[in-house]
Amino acid sequence: MKKILIIGSTGQIGSELSVRLRSIYGDSNVICGYYTPPYPDGFFEAGPAVEINALHIEQIADTVKQYKIDTIYNLVAILSATAEKYPKLGWDVGIGSLMNCLDVARECGCAVFTPSSIGAFGPNTPQDHTPQDTIQRPSTVYGITKVLGELVSDYYFDRWQVDTRSVRFPGIISSMTLPGGGTTDYAVEIFYKAVAGESFVCPLKAGTFMDMMYMPDALDAAIDIMEADPKRLIHRNSFNVTSMSFDPEMIYAQIKKYYPEFQMIYDVDPLKQSIADSWPNCLDDSCARNEWGWKPHFNLERTTADMIKRLQNKLGKK
Ligand code: SER
């Protein structure tokens with residue numbers, strides 16, 4: 001039975017991964033580490049929750065020892081657009097949390113999952129069907145922290161056998177907790193605007209393709225990679241995974257099927273546009289499929305239907 005610590009459990013991924021992990025491994029076996037306060041929806045009360053600043057290694061170490069943790073999910077990051085505005089913060093948080101988790105894991109014998117991202121690629125990476133192993137020269141601070149995360153995680157495995165594994169997440173679409181400061185966030189915000197009956201101002205140009213994934217698939221990826229048979233893993237940090245690739249026009253057209261009056265206008269944010277332009281259009285995730293059976297279930301159509309249903313309930317709209 002795993003004993004899991006999630007660091008960053010109140011963020012976009014953490015708030016849903018906590019619930020899923022507790023349903024699999026048991027409430028008392030999943031410890032929710034949070035920095036921003038927990039949401040008042042009661043799920044934290046189902047199991048242990050601990051305030052942790054990931055930049056304070058002793059707080060991670062104390063929790064790992066107290067609860068005899070064997071697996072750490074390190075979800076702490078400053079997303080791409082915010083990290084370009086505050087590069088030192090992006091670096092300190094991304095690298096600081098990673099190194100603290102790796103050092104505690106090395107001392108205490110834990111496995112570690114730290115997500116990488118499509119942001120780990122850059123302008124001279126092949127943009128279509130981006131291979132698993134290819135050029136990684138990102139032009140953002142966020143991307144640099146993710147490449148370093150991949151390299152140093154492999155280093156801790158090769159040198160000290162710390163069981164590090166991860167996936168390169170695309171933009172994640174979800175209804176429970178909003179992302180903040182990312183370049184792919186538009187693909188979440190557009191749903192909120194449509195369901196609220198408002199128009200949407202798109203910060204990226206038509207024709208800007210990026211990989212995306214609906215949250216249930218992202219949770220499967222984060223759990224399945226940590227459950228994978230290590231003998232089958234040729235790669236570790238980090239696997240390309242994707243569910244779909246679209247541009248603003250395609251997601252707009254899907255949402256219009258439910259809200260024919262919905263309007264989208266463009267007001268391009270040069271920072272976000274330049275970041276998006278430097279990222280792949282679509283990843284090749286065949287290594288993840290072959291080495292640990294990755295298989296997504298939600299395409300753009302299914303994601304749109306489910307997001308709209310959930311947001312209608314959440315926002316009390318029909
Ligand atoms: N969603 C992230 C961002 O846009 C990419 O991994 O920054």
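The values are calculated or read from the model by the stated rules, or taken from the named source; none is laboratory data. Every value quoted in this text rests on a predicted model; they were computed, and no experiment measured them. Cβ placement follows ideal geometry from the backbone for every residue including glycine, while neighbour counts extend to all protein chains displayed.
Summary of values
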quantity	calculated
Residue match in region 253-271 (condition: more than 22 Å from the chain's Cα centre (by Cα) and closer than 30 Å to THR71 by Cβ)	no
Selection count, region 203-240, where residues are among the small types (Gly, Ala, Ser) and surrounded by fewer than 20 Cβ atoms within 10 Å (Cβ to Cβ)	3
Residue satisfying all of: in region 151-190; within 16 Å of the ligand (Cβ to nearest atom), charged (D, E, K, R) and not in a helix (DSSP H, G or I); nearest to PHE239 (Cα to Cα) among these	ARG168
Residues of region 110-148 satisfying the condition of being within 13 Å of the chain's Cα centre (by Cα) and among the basic types (Lys, Arg)	LYS146
Selection within region 185-201 - in contact (Cβ under 8 Å) with a residue 60 or more places away in the chain and buried (at least 21 other Cβ atoms within 10 Å of the Cβ)	ASP185, TYR186, ALA187, ILE190, PHE191, ALA194, VAL195, PHE200
Options ILE135, ILE144; residue that is farther than 24 Å from ALA228 by Cα and either crowded, with 18+ Cβ neighbours inside 10 Å or touching a Pro at 6+ places or on another chain (Cβ under 6 Å) (or both)	ILE144
ILE60 at pLDDT 95 or above and under 18 Å from ALA218 (Cα atoms)	no
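Yes/no matrix, rows are residues, columns are (1) within 28 Å of CYS282 (Cβ to Cβ); (2) within 13 Å of the ligand (Cβ to nearest atom); (3) in contact (Cβ under 8 Å) with a residue 40 or more places away in the chain:
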| site | (1), (2), (3) |
| --- | --- |
| ALA61 | no, no, yes |
| ILE69 | no, no, yes |
| ILE72 | no, no, yes |
| LEU75 | yes, yes, yes |
| SER80 | yes, yes, yes |
| CYS110 | no, no, yes |
| THR125 | yes, no, yes |
